[in-house]
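Down below is the structure, laid out as structure tokens.
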Amino acid sequence: METQMLRSTLDKLNNLNYTKICRKKVNPKFELGAVLKYFDNEVPIIFEDVKGYDMPLVGGLYGNRQIFYDLMETNKENRIFKFMDAIANPQETKLIYTGPIKENIITKNIDITKLLPTPTSHEKDSSSFITAGMLLVKDPETGDTHMAVRRFQVNSKTNISTLISGASPHLRKIVRKSEESNKPVECAVVLGYDAEYLIASQISSSKYGLDKHKVYSALKGEALEVVKCHSVDIEVPAYCEIVLEGEIVPNKKIIEGPFGELMGYYGEVAPNPVMEIKTIMHRDNPIFQHAFPCREEHLSNGLIREVEIYSALSSVVDVKDVNVTIGGGCRLHAIVSIDKKNEGDGKSAILSALGSSKDLKHVVIVDSDVDIYSYKDVEFALASRVQASDDIVIIKNALGSALEASHVYKGVSDKIGIDATKPLNEESFKRAIVPEYEDIDITNYF
């Protein structure tokens with residue numbers, strides 16, 4: 001059904017007035033990324049004319065929290081429970097014989113450098129990179145589909161580096177076993193997917209042991225229609241735009257990087273496995289999907305981390321909401337609101353939050369009267385409800401994120417928790433209210 005994947009997403013975004021169309025010829029080296037960055041990677045932009053290519057490119061699709069909510073027909077209040085329900089109740093996919101993705105099948109004279117308008121985003125990036133590519137690998141033991149957004153350095157016509165360092169333990173285990181047995185790992189890279197597909201990809205395989213395609217079906221409320229790849233034993237969405245099929249070659253690595261990474265630093269330069277492309281499938285008039293580095297996939301990852309922090313805290317305190325912030329790379333910082341019932345709830349929430357993920361570095365706990373999506377309101381709580389000697393918890397030399405520069409430099413991370421909740425039953429902390437403020441229609445006054 002063509003209600004799925006990228007094309008219906010673009011229709012929705014257009015109807016919601018989110019999209020911009022760039023008709024000017026744009027160079028995929030630096031210029032295209034500069035345009036996306038100008039809008040802080042929060043505005044979906046269709047680039048109709050990419051220099052040197054016939055294929056249009058869309059970028060900035062999923063860099064805005066509200067866009068996720070609108071596309072998935074949820075909201076700030078309900079999204080955590082929607083994601084929890086999909087994890088708890090995965091649904092089957094539907095295998096069909098063929099679909100639009102099989103309209104064009106290329107097996108000879110493959111040259112991705114000429115076919116795909118792959119951008120180069122940062123000054124010192126080692127090459128152009130496919131940054132929105134969804135890597136699909138079938139678990140050889142369970143048959144489940146493992147999928148995750150990875151970056152792929154373009155090395156040659158048919159060869160791309162597959163970033164495994166920093167990947168999930170599940171994926172690293174599959175690759176390690178292939179190296180031990182010297183057998184290649186069949187894989188596919190999918191481009192042209194929707195918000196639900198991106199969210200499903202961020203759920204931890206090692207933690208939940210789920211087939212992510214089945215989580216997608218649950219998020220969508222209908223079976224994901226999939227087709228068999230042409231040259232590998234993997235099922236891919238029938239209505240995606242482009243699929244690269246091939247193998248991760250055992251014990252063959254190429255230096256990958258530099259690459260502009262999380263928080264705006266260049267990441268580690270290291271040898272990584274390579275994928276040899278055997279086949280390219282694509283729809284008629286395909287659209288190339290691009291994500292400016294370290295925004296869209298990290299925002300979706302942050303949305304799932306919010307679920308995990310919420311779940312970790314729910315058995316300890318009365319947690320109301322969680323914001324894993326964009327400013328903290330959607331993984332290093334969290335702001336949590338609770339309905340404080342006991343003195344000590346703030347400290348308990350800090351310990352539970354920091355224990356939920358090694359990546360989380362700083363967490364702030366606030367009362368439910370504070371808007372955790374307003375930095376001004378959070379700063380208000382920090383300014384008026386925190387005394388450092390009582391309310392700051394420091395945990396020294398803990399395990400941190402491999403994507404965080406100071407952790408990479410030091411090898412360990414200090415963690416900070418700030419209890420910015422007010423004392424119970426203390427009238428002096430009651431916020432002043434302007435009656436009728438919430439009901440005012442300011443257009444009536446001017």
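Within the stretch 278-291, being buried (at least 22 other Cβ atoms within 10 Å of the Cβ) and either among the hydrophobic types (A, V, I, L, M, F, W, C) or assigned to a strand (DSSP E or B) (or both) holds for 280, 281, 282, 288, 289, 290, 291. Within the stretch 37-56, track down each residue that is of a type in the set (Phe, Trp, Tyr) and buried (at least 17 other Cβ atoms within 10 Å of the Cβ). If the condition is that a residue be of a type in the set (Phe, Trp, Tyr) and buried (at least 17 other Cβ atoms within 10 Å of the Cβ), then 47 is the only one that fits.
Scanning the stretch 387-436 for residues being free of Cβ contacts under 8 Å to residues at least 12 places away in the same chain, closer than 17 Å to residue 367 by Cβ and of a type in the set (S, T, N, Q) gives a total of 3.
Residues in the stretch 314-326: is at least one small (Gly, Ala, Ser), open to solvent by 10 Å² or more (accessible area, probe 1.4 Å) and in a helix (DSSP H, G or I)? Within the stretch 314-326 (the criterion being small (Gly, Ala, Ser), open to solvent by 10 Å² or more (accessible area, probe 1.4 Å) and in a helix (DSSP H, G or I)), the answer is yes, since at least one residue qualifies. Check whether at least one residue in the stretch 8-23 is polar (S, T, N, Q), under 19 Å from residue 298 (Cα atoms), outside any loop (DSSP other than H, G, I, E, B) and without any contact (Cβ under 8 Å) to a residue 24 or more places away in the chain, and report yes or no. No. Scanning for something surrounded by fewer than 18 Cβ atoms within 10 Å (Cβ to Cβ), touching a residue at least 24 places away in the same chain (Cβ under 8 Å), at positive phi and touching a Pro at 6+ places or on another chain (Cβ under 9 Å), does the stretch 251-260 turn up at least one residue? Checked against the condition, which is being surrounded by fewer than 18 Cβ atoms within 10 Å (Cβ to Cβ), touching a residue at least 24 places away in the same chain (Cβ under 8 Å), at positive phi and touching a Pro at 6+ places or on another chain (Cβ under 9 Å), the stretch 251-260 yields at least one hit.
Of all residues in the stretch 393-405, exactly one satisfies the criterion of being open to solvent by less than 30 Å² (accessible area, probe 1.4 Å) and outside any loop (DSSP other than H, G, I, E, B), namely 398. Applying the set (1) in a strand (DSSP E or B); (2) of a type in the set (D, E, K, R); (3) surrounded by fewer than 18 Cβ atoms within 10 Å (Cβ to Cβ) to residue 390 leaves exactly one unmet item: (1).
Residues in the stretch 176-215 that are among the hydroxyl-bearing types (Ser, Thr, Tyr), under 14 Å from the mean Cα position of the chain (by Cα) and open to solvent by 10 Å² or more (accessible area, probe 1.4 Å): 204 alone.
No other residue among 144, 125 is acidic (Asp, Glu), buried (at least 16 other Cβ atoms within 10 Å of the Cβ) and more than 21 Å from residue 304 (Cβ to Cβ) apart from 125.
Scanning the stretch 233-249 for residues that are open to solvent by less than 10 Å² (accessible area, probe 1.4 Å), β-branched (Val, Ile, Thr) and either in contact with a Pro (Cβ under 6 Å, 6 or more places away or on another chain) or over 18 Å from residue 94 (Cα atoms) (or both) turns up 242, 243, 248. Scanning the stretch 352-361 for residues that are in a helix (DSSP H, G or I) and either free of Cβ contacts under 8 Å to residues at least 24 places away in the same chain or of a type in the set (S, T, N, Q) (or both) returns 352, 356. The condition of being touching a helix residue (DSSP H, G or I) at 6+ places or on another chain (Cβ under 7 Å), surrounded by 13 or more Cβ atoms within 10 Å (Cβ to Cβ) and under 19 Å from residue 8 (Cβ atoms) holds for only one of 99, 59, that being 59. Flag: residue 5 matches the condition of being under 18 Å from the mean Cα position of the chain (by Cα), open to solvent by less than 20 Å² (accessible area, probe 1.4 Å) and among the aliphatic types (A, V, I, L, M). Could you list, in sequence order, the residues of the stretch 8-20 that are touching a helix residue (DSSP H, G or I) at 6+ places or on another chain (Cβ under 9 Å), open to solvent by less than 80 Å² (accessible area, probe 1.4 Å) and of a type in the set (A, V, I, L, M)? Passing the criteria: only 13. Suppose the filter is without any contact (Cβ under 8 Å) to a residue 60 or more places away in the chain and on the phi > 0 side of the Ramachandran plot; does residue 264 pass it? So residue 264 passes the test. Within the option set 364, 378, 408, 370, being in a helix (DSSP H, G or I) and closer than 22 Å to residue 307 by Cβ holds for one residue only, 378. Restricting attention to the stretch 147-171, the residues that are buried (at least 22 other Cβ atoms within 10 Å of the Cβ) and either within 19 Å of residue 31 (Cα to Cα) or polar (S, T, N, Q) (or both) add up to 3. Sub-7 Å Cβ pairs linking a first residue in the stretch 340-351 that is small (Gly, Ala, Ser) to a second residue that is at pLDDT 95 or above and part of a loop (DSSP other than H, G, I, E, B), at least 6 apart or interchain, are 346/340; 346/421; 348/316; 348/317; 349/316; 349/317, ordered by first then second residue. Taking the criterion of being among the acidic types (Asp, Glu) and surrounded by 11 or more Cβ atoms within 10 Å (Cβ to Cβ), the residues of the stretch 412-445 that qualify are 414, 419.
In the stretch 112-132, the count of residues that are basic (Lys, Arg), outside any loop (DSSP other than H, G, I, E, B) and in contact with a Cys (Cβ under 9 Å, 6 or more places away or on another chain) is zero. Scanning for something at pLDDT 95 or above, over 27 Å from the mean Cα position of the chain (by Cα) and either surrounded by 15 or more Cβ atoms within 10 Å (Cβ to Cβ) or basic (Lys, Arg) (or both), does the stretch 350-367 turn up at least one residue? Scanning the stretch 350-367, I find at least one residue that is at pLDDT 95 or above, over 27 Å from the mean Cα position of the chain (by Cα) and either surrounded by 15 or more Cβ atoms within 10 Å (Cβ to Cβ) or basic (Lys, Arg) (or both), so the answer is yes.
The values are calculated or read from the model by the stated rules, or taken from the named source; none is laboratory data. Keep in mind that this is a model prediction, so the values were computed, not measured. So basically every Cβ, Gly included, is an ideal-geometry build from the backbone, and we count neighbours across all protein chains shown. In case anyone asks, the SASA skips ligands and DNA or RNA and just uses the protein heavy atoms, side chains included. Shrake-Rupley method; radii C 1.70, N 1.55, O 1.52, S 1.80 Å.
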